[in-house]
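Structure first, then comments.
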There are 2 protein chains.
Amino acid sequence: MSKNLADKVLTDILNATALPNVISFAGGLPAPESFPVNIVKNLAVEALDTKGANLLQYSRAAGLDSFRQTLAEYVKSKQISTTASNIGVTTGSQSAAYIIAKQFIKPNMRVLVESPTYLAILPIFSSFGAEIIEIKTENDGINIEHYEELLKQGESVTYIMPNFHNPTGITTSQDKRTKIAELIKKYNTLLIEDDPYNELRYSGQPLQPIYCDAPENVIYLGTFSKILSPGLRVGYFISTTEIVSKLASTAQMIQLHTSNLTQAIAELYVAKGLLTEHLPKIINLYQKRLDTMVKELAPLTQQGFEINKPQGGMFLWVKLEKDITGEALYEKLKQKGVYIVPGEVFFPNPQDGKGFIRLNFTNVAEDKIVEGCKIIRESLG
Amino acid sequence: MSKNLADKVLTDILNATALPNVISFAGGLPAPESFPVNIVKNLAVEALDTKGANLLQYSRAAGLDSFRQTLAEYVKSKQISTTASNIGVTTGSQSAAYIIAKQFIKPNMRVLVESPTYLAILPIFSSFGAEIIEIKTENDGINIEHYEELLKQGESVTYIMPNFHNPTGITTSQDKRTKIAELIKKYNTLLIEDDPYNELRYSGQPLQPIYCDAPENVIYLGTFSKILSPGLRVGYFISTTEIVSKLASTAQMIQLHTSNLTQAIAELYVAKGLLTEHLPKIINLYQKRLDTMVKELAPLTQQGFEINKPQGGMFLWVKLEKDITGEALYEKLKQKGVYIVPGEVFFPNPQDGKGFIRLNFTNVAEDKIVEGCKIIRESLG
């Protein structure tokens, strides 16, 4: 990524939050109106009423047994067949990725990632001395031939976001998932499958996680950040019992365990069918916002812009017409109170990203999306 | 520590929890009856009612601003004068220690600790390649001359538990605190002051944290685990704004931030005066248990045992008469359904600890303390 530009953009955006009338497509936050505040409140009460003092005592690093059982049942809805002892609870997906890195990444180990990849994950691997290597990436996921070439070159860990990728919105095709599973088994390598947006699908058919075809080689990451609340900090990983046991020991060293109260809230949210009830509301909210944004930006396709509508997630990735760069558009729009993220910040070599921008559609009301997109169109007119 | 014996003891104790009629002085848990379950429930409701969706959104790594302000006010009761920006919130003290180690410990760096020291902290430092070095320790804290010798030998970080030490119950004297503060300033070195039991004082006068005399060189660790609930996982550190800012970045990489809900519960617990109201109940509960245990074991002093009653905390450290070892007594008592921790497990060289046992008095009811101590006395009769 371009560190300086990224820092500048981040500072601008943070400063802008204090300004009136700003429209920000730059963030990566769920909409606060998607949070089931009353449900969380009722579940906190129920958890403390039923589990009492047990909930306030120390507990085990792998997570509450009852929650792990609930999760094992829940992930069937993602086509994952597993058991409670294959699941570990974490303080969100970031925490899962960190624990995995602490356990497995040694200095100079190669970490293979999509190009571009999720920004906030890279410092974790780098902090343990990993060398980050980009796999060529196409509209349906990584280039399989290039991936195999990289795997051949020696030991590595792979990090992939298969659904509605951040920032590109790309979903890895079923065919590529199958091939990736074959390759990681063939080269006996570990793959981190980070799937935070899994439940946020607005069109198309759900695809099987890579984990399903290579359960010995994948650590699957799930989270409650997009379907319940990011502020509660609850996530989980799924892998072999051996890996779960190792990661639980590491998690214990890092923080003993994830808060029991937040675990219990997430457990009841799933077990009582409240997620099933609430999720369609979130999907409906976001789907409309995505539709609005795509519709409002559609005229730009006549000017050479490419808008690839994602099947889910939180981001729209726009390929710019060749005469403008993400950074230039960023500066232009900033003057008009509209914030986007220029593609340059997502690539180790900023030049690779200059033809793109990332737009978040989940945390902006529809009327603001209309207004912001109008400003974008006018700026480019 | 003796890794094999420690593992064996831990396994025994975990297995024993499933057995009926076991009396365990081996654990290190607060009493569940000390947890204010209803208060936590009411505060969870109040937090969600007043902060609403904000509480469920992502927040900043250093912690909620309002909680940090509340903490700055609260720690005046510990004689610490500081500001919100000098405080960072963590997922318990273990998490604080881990974040500090991730930030500051480099391979082969020396970490100076009391002899013996708190067991669960050592793997953190070791995992970053630190060399653990014991400072000679007396009944009023570390030996100052030996400490200076070690400081002279080059770069190091010091880890100290100044109040009601685990396992020894020792409180570092005011005189030694002053001298330690002078030394760390003189050698410009960093000291981690881990103070989980601060509020659990049953006798004597509160002493000033080392932090007060060397705020540029100390990271002070506090926790809600012993005064509210360990299962919620809320702790904090206090240091310079520069260190707080560095540690917040590291915390962000590790887990983004501590759960907002648990932060808000701890905040209201302090801000509404509920801690002030509830704490005397915890102290009263534990003080009686300590008094009972000391009284019941007093006859052993005639057989050459030394019982140093701590001024607070959770543990009684007993020096055995010379003909019996901790491990031998452990095995003997295990047969009778009473569990203790043999001193051997607390020392890098187990021989150094063979003359001691550690007894937890907080999580055993008074009648069970009477019964368990009777069995200890009879075993030694």
Next on the checklist: Give the separation of the Cα centroids, region B:329-343 to region A:158-220, in Å.
Outcome noted: 51
Item to check | For B:245-253, mean number of other protein chain Cβ atoms within 10 Å | outcome: 2
Checklist entry - On average over all directions, what projected area in square nanometres does chain B have, based on the convex hull of its Cα atoms? => result 18.2
Next on the checklist: Using amide H atoms built in the peptide plane, which far-off residues or other-chain residues are under 5 Å from A:VAL341 H to H?
Outcome noted: A:ARG358
Next on the checklist: Per residue of region A:207-219, what does 6.51 cos²θ - 1.76 cosθ + 1.60 with θ = phi - 60° give for ³J(HN,Hα)? Whole Hz please, x for Gly and Pro, Karplus curve as stated.
Outcome noted: 10, 5, x, 4, 3, 4, 8, 8, x, 7, 10, 10, 10
Item to check | Other copies of B:GLN103: label-to-label distances in nm, shortest first, labels 7 Å along the beta-carbon direction | outcome: 2.7
Item to check | Cα gyration tensor category, rounded, prolate or oblate, for region B:88-185 with a/c compared to 1.5 | outcome: oblate
Checklist outcome for this item: Taking a crude spin-label model, label points 7 Å out from Cα along the C-beta direction, the A:SER77 to B:THR240 distance in nm is 5.0
Checklist entry - Where along chain B is the Cβ that lies nearest the axis linking it to chain A, and how many Å separate them? => result B:ALA44, 2
Checklist outcome for this item: Partner shielding of A:88-98, as the mean number of partner chain Cβ atoms within 10 Å, equals 3
Next on the checklist: If each label sits 7 angstrom from Cα along the C-beta direction, how far apart, in nm, is A:LYS322 from its counterparts in the other copies?
Outcome noted: 9.2
Item to check | Alpha-carbon spread of the protein assembly as shown, three principal axes, descending order, Å | outcome: 96, 51, 49
Checklist entry - Which cross-chain or sequence-distant (5 or more) residues have an amide H under 5 Å from the amide H of A:ILE135, H modelled 1.01 Å from N in plane? => result A:VAL113, A:GLU114, A:SER115
Checklist entry - Put the label 7 Å from Cα along Cα→Cβ for A:GLN303; what are its distances to the other copies, in nanometres, shortest first? => result 9.0
Item to check | Neighbouring partner chain Cβ atoms per residue of A:49-62, average, 10 Å criterion | outcome: 5
Checklist entry - Once the piece of chain linking B:ASN108 and B:LYS319 is laid out straight, how much longer is it, given 0.36 nm per residue of separation minus the C-alpha distance between them? => result 72.6 nm
Item to check | Computed helical MRE - 222 nm, chain A, DSSP H runs ≥ 4 contributing -39500 (n - 2.57), nearest 500 | outcome: -13000 deg cm²/dmol
Item to check | Relative contact order (%) - criterion: Cα under 8 Å, at least six apart; region: chain B | outcome: 24
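Read-outs throughout are calculated quantities, based only on the coordinates presented, and are distinct from any laboratory measurement. Note that the structure is predicted; figures quoted are calculated from it, not measured. Note: ideal-geometry Cβ built from the backbone for every residue, glycine included; neighbour counts use all protein chains shown.
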